[in-house]
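Beneath this line is the structure, given in structure tokens, with notes to follow.
The values are calculated or read from the model by the stated rules, or taken from the named source; none is laboratory data. Everything numeric here is computed off the predicted structure, so don't read it as measured data. In this analysis, Cβ positions are derived from the backbone assuming ideal geometry, glycine residues included, and neighbour counts consider all displayed protein chains. Surface accessibility is based on the protein's heavy atoms, side chains included, excluding ligands, DNA and RNA. Shrake-Rupley method; radii C 1.70, N 1.55, O 1.52, S 1.80 Å.
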Amino acid sequence: MKTKHFPAVALLALAVAPAAQAEVTFNGFGQVVAGATLDDGSTVSGLSYDDSVSFDPESLFALQATATLGERADAVAQVVARGDEGWEPEFAWAYVRYQFSPSWSVKAGRQRTPYFHYSDYLEVGAAYPFMRVPLGVYNLPYSNYNGVNLIGARNFDKWTLRTQLIYGTVDESQDDLHVEVRDQGGITFEAQYDEWLSLRGSYVVGEASVQVAAADPLIAAVMAASPQAGAALAFDRDDASFLGLSAEINRGGVTVGVELTDIDYGDNYIGGQKAVAVNAAYRAGDWTPYASWSRSRTEADTTALGLLPVPPAHPLYQTVAGLLASQEGDKEFSAVGVRYDVNANIAVKVDYTHYKSTILAGSDADLVAAGVVFTY
């Protein structure tokens, strides 16, 4: 997503701050990935690969600075440069954190929205065995918000419990897409048992607006013909909600996980989406073969068609029906691959993904990718 850009050296300038003001530590992560689809003209939803080998779609480099602000507070800034965004560095995170007690803390500023199981390390490829998080589930056009996050943690016998309460806003643009969410509020609850079982649930609501440049002329035409139909078609300040549930077992080198999401976008042409992901991996020494499957199913809201003051044969009706059809159907992703850990900070991954869609005429694609992921 496009946010606020700045020269990369601006973050490095923190390192020369007087020691009396703050102690600054740096760490980071990145990956260099090359891939291509196997058939002419084929593409995979959510990725910008085509049938020519490219290093841009999934390669990235990130630098994070943490400055201590006394015994209980610190400030965190994370800068990410992505290949598919022209390697322009941007603020991914920029927040201040205060620790009230051993159990409670608060973060204020730009930070990750805790929607998903892997939200905390969404772009840290070294943190999970797979080439990428499941695209059938992880397909929102944004991942961060500006606001506050109250975090509580407690240990109980062999359980570790963690709760997050969030509130804030989203205002993101990318190419011809603009997303705005007002009054975004939610709760996330996580439970880990004896370090091998992880359970997670999240529920987030907000007043959402989405503008897509390609759809704007049609929405304007429908609004002129019938304000009611236009309002039913437009994605403008609609009440939206996100529900996510996940479980993961990690024992004896075996990792098995499942994640489900249910998104209600409100009363508009996008409608809603239900998604599921299942993955498994087995670590044998430095090698970790894996398999992953995910599917999303979207259902368009056809209310606008019934409100149009024109017959079904009318071009306006047909165009609206086509827009709704482009939002309805299934997308399925099946992947197998292997990870090899070179050392504690660097790993190599190779992945084959098959993509299948039933939206409109449907499409199929096969993607092969290989890359290096690292932390420092």
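Data table
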quantity: For segment 167-234: accessible area per residue (Å², 1.4 Å); calculated: 48 Å²
quantity: 19 Å cut-off, amide nitrogen to a point 7 angstrom out along A191 Cα→Cβ, residues in segment 146-175; calculated: 152-165
quantity: Of all accessible heavy-atom area on segment 47-203, the percent that carbon and sulfur account for (1.4 Å); calculated: 56 percent
quantity: Formal net charge of residues neighbouring G371 (Cβ-Cβ distance under 15 Å; K, R +1; D, E -1); calculated: -2
quantity: Potential lengthening between V278 and V205 on full extension [0.36 nm per residue; Cα-Cα distance subtracted]; calculated: 23.8 nm
quantity: Segment K158-S363, length gained on full extension (0.36 nm per residue, minus Cα span); calculated: 69.1 nm
quantity: Calculated from backbone phi, Karplus (6.51, -1.76, 1.60) coupling profile of segment 87-94 in Hz, x at Gly/Pro; calculated: 6, 7, x, 9, 6, 8, 10, 6
quantity: Extension gain (nm, one decimal) between S173 and L69, 0.36 nm per residue minus Cα-Cα; calculated: 34.2 nm
quantity: Carbon/sulfur fraction of accessible area - segment 270-376, other protein chains in place, 1.4 Å, %; calculated: 62 percent
quantity: Heavy atoms of D238: accessible area, 1.4 Å probe, square angstrom to 10; calculated: 20 Å²
quantity: P(r) tail fraction, the chain - alpha-carbon pairs more than 30 Å apart, %; calculated: 45 percent
quantity: Nearest-ten-degree value, helix 216-225 long axis tilted from longest Cα axis of the chain; calculated: 40 degrees
quantity: Isotropic mean projected area of the C-alpha convex hull, segment 239-317 (nm²); calculated: 7.8 nm²
quantity: Probe 1.4 Å, accessible area per residue of segment 32-123, Å²; calculated: 45 Å²
quantity: Placed amide H near D50: partners under 5 Å, 5+ positions off or other chain; calculated: T37
quantity: Partners for K107 among aspartates and glutamates (Cα-Cα distance below 12 Å; same-chain residues under 8 apart left out); calculated: D74
quantity: Global form of segment 75-171, assessed from the alpha-carbon gyration tensor, a/c cut-off 1.5; calculated: oblate
quantity: Per-residue ³J(HN,Hα) for segment 312-325, Karplus 6.51 cos²θ - 1.76 cosθ + 1.60, θ = phi - 60°, Hz, x for Gly and Pro; calculated: x, 7, 5, x, 5, 4, 5, 5, 5, 4, x, 4, 5, 5
quantity: Calculated P(r) tail over 16 Å for segment 167-206, as whole % of Cα pairs; calculated: 57 percent
quantity: Estimated distance in nm for a label pair at D239 and V336, the labels positioned 7 Å out from Cα along Cα-to-Cβ; calculated: 4.7 nm
quantity: Aspartates and glutamates with Cα under 20 Å of K158, excluding same-chain neighbours fewer than 8 positions away; calculated: E190, D194, E195, E248
